[in-house]
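Undergrad: Please see the structure below; I have some questions.
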Amino acid sequence: MSVNSRSDREREHFNALATDLGSVWWGSITKAGQLRLDERAKLAIRYGGLSPGKVVLEPGAGNAEFTKRLATSGATIVGVEISPNQVAIANERLIEFPKAKVVVGDINKLDFPDGTFDAIVGNAVLHHFDLITALPEMLRVLKPGGSFFFTEPNMLNPQIAVEKNIKFIGRALQNSPDETAFFRWQIDSILKRNGFSRIWVKPFDFLHPGVPDSLIPFFQKFSHFLSNIPVIKEIGGSLQIYAQR
């Protein structure tokens, strides 16, 4: 499979979602989905060290649903997104955040000099990339000692395993043709092989975006509880992934 063919499929998929929904994924527009994004952005700001004066890359920025949350840190946020349709929506949403923008680009060939960014952060995007080419590019544009933080789907979670491996179910849930998910030890190993250091990967999150609004307070508490229980936490819906250059 060539890098170009995968990139073309991702572009087509997210262009279509922008046209049909004006969003990236159904789960980002529910109340529970919005709360999940809030939590992930707080984690990215914390572990990415986002603050005024920092310059941050957000790969796969989509329609800026996550970008606008990152922008509250005061850092300069540069989102890169392969879908022009999503970028058009994104920059309309970022008018109130003058230090944030999203540009059209391909993660496999970034148009930035070496060591441009203090941090690279994102939500649920690494599993769309061809990491063989994407990780070296991200490492190249990250400053020495810079932070790398993503939240990504956990392949040990039963629902994630089903939708990523049974393609017709994945299509019904708006999965793109090539996306996957990660085992904790797998992404740890991939990052090491690509030159990253100080790596840690932590499973978390049992709050599903489809939870009814009235049940969210209960499931939020339950999610935090389960995310701290040994063995059970391993099947959480997501992984926190941290590394440094």
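Undergrad: Give segment 173-190 a look and list any residue that's touching a helix residue (DSSP H, G or I) at 6+ places or on another chain (Cβ under 9 Å), under 20 Å from PRO59 (Cβ atoms) and assigned to a helix (DSSP H, G or I), or say none.
TA: Hits for segment 173-190 are ILE187, ILE190.
Undergrad: Shifting gears a bit: Could you look through segment 104-121, keep only residues that are in a loop (DSSP other than H, G, I, E, B) and of a type in the set (A, V, I, L, M), and pick out the one that is surrounded by the fewest Cβ atoms within 10 Å (Cβ to Cβ)?
TA: Per the stated criteria, the residue is LEU110.
Undergrad: Residue by residue through segment 185-200, note down the ones that are in contact with a strand residue (DSSP E or B) (Cβ under 7 Å, 6 or more places away or on another chain) and not small (Gly, Ala, Ser).
TA: ILE187, ASP188, LEU191, LYS192, PHE196, ARG198, ILE199, TRP200
Undergrad: Okay, next question. If we keep just the residues of segment 90-103 that are loosely packed, with under 15 Cβ neighbours inside 10 Å and of a type in the set (D, E, K, R), which is farthest from LEU135 (Cα to Cα)?
TA: The selected residue is GLU96.
Undergrad: Filter segment 83-103 for residues that are assigned to a loop (DSSP other than H, G, I, E, B), out of contact with any Phe, Trp or Tyr (no Cβ under 8 Å at 6 or more places or on another chain) and not charged (D, E, K, R) and give the result.
TA: Within segment 83-103, LEU94, ILE95, PHE97, PRO98 qualify.
Undergrad: Continuing with this model, one more query. Quick one: what pairs do we get from segment 224-243, first residue under 15 Å from TRP200 (Cβ atoms), second hydroxyl-bearing (Ser, Thr, Tyr) and loosely packed, with under 13 Cβ neighbours inside 10 Å, C-beta under 8 Å, 6+ apart or different chains?
TA: Taking only residues 6 or more apart or on different chains, the pairs are ALA243/SER197.
Undergrad: Tell me, yes or no, whether segment 185-192 has at least one residue that is free of Cβ contacts under 8 Å to residues at least 40 places away in the same chain, touching an Asp or Glu at 6+ places or on another chain (Cβ under 7 Å) and of a type in the set (Ser, Thr, Tyr).
TA: No, the conditions are met nowhere in segment 185-192.
Undergrad: Filtering segment 182-213 down to residues that are modelled with pLDDT under 95 and not charged (D, E, K, R), which residue is farthest from VAL125 (Cα to Cα)?
TA: Per the criteria, the residue is PRO212.
Undergrad: Considering only residues that are among the β-branched types (Val, Ile, Thr) and touching a residue at least 40 places away in the same chain (Cβ under 8 Å), look in segment 122-140 and name the one that is surrounded by the most Cβ atoms within 10 Å (Cβ to Cβ).
TA: That would be VAL125.
Undergrad: Among the residues of segment 72-83, are any under 15 Å from the mean Cα position of the chain (by Cα), surrounded by 21 or more Cβ atoms within 10 Å (Cβ to Cβ), closer than 23 Å to ILE29 by Cα and touching a residue at least 60 places away in the same chain (Cβ under 8 Å)?
TA: yes
Undergrad: With respect to SER214, determine if the residue is buried (at least 17 other Cβ atoms within 10 Å of the Cβ) and closer than 21 Å to ALA32 by Cα.
TA: When the stated conditions are applied, SER214 does not pass them.
Undergrad: Sticking with this structure for a sec: Please verify whether segment 164-172 includes one or more residues that are in a helix (DSSP H, G or I), in contact with a helix residue (DSSP H, G or I) (Cβ under 9 Å, 6 or more places away or on another chain), surrounded by fewer than 12 Cβ atoms within 10 Å (Cβ to Cβ) and not aliphatic (A, V, I, L, M).
TA: no
Rundown of residues vs (1) assigned to a loop (DSSP other than H, G, I, E, B); (2) closer than 25 Å to LYS164 by Cβ, yes/no style:
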site	(1), (2)
LYS192	no, yes
PRO203	no, yes
HIS208	yes, yes
SER214	no, no
LYS221	no, no
ILE229	yes, yes
GLU234	no, yes
ALA243	no, yes
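The values are calculated or read from the model by the stated rules, or taken from the named source; none is laboratory data. Keep in mind that what you see is a predicted model, and the values were worked out from it rather than measured. Backbone-built Cβ (ideal geometry, glycine too); neighbour counts: all protein chains shown.
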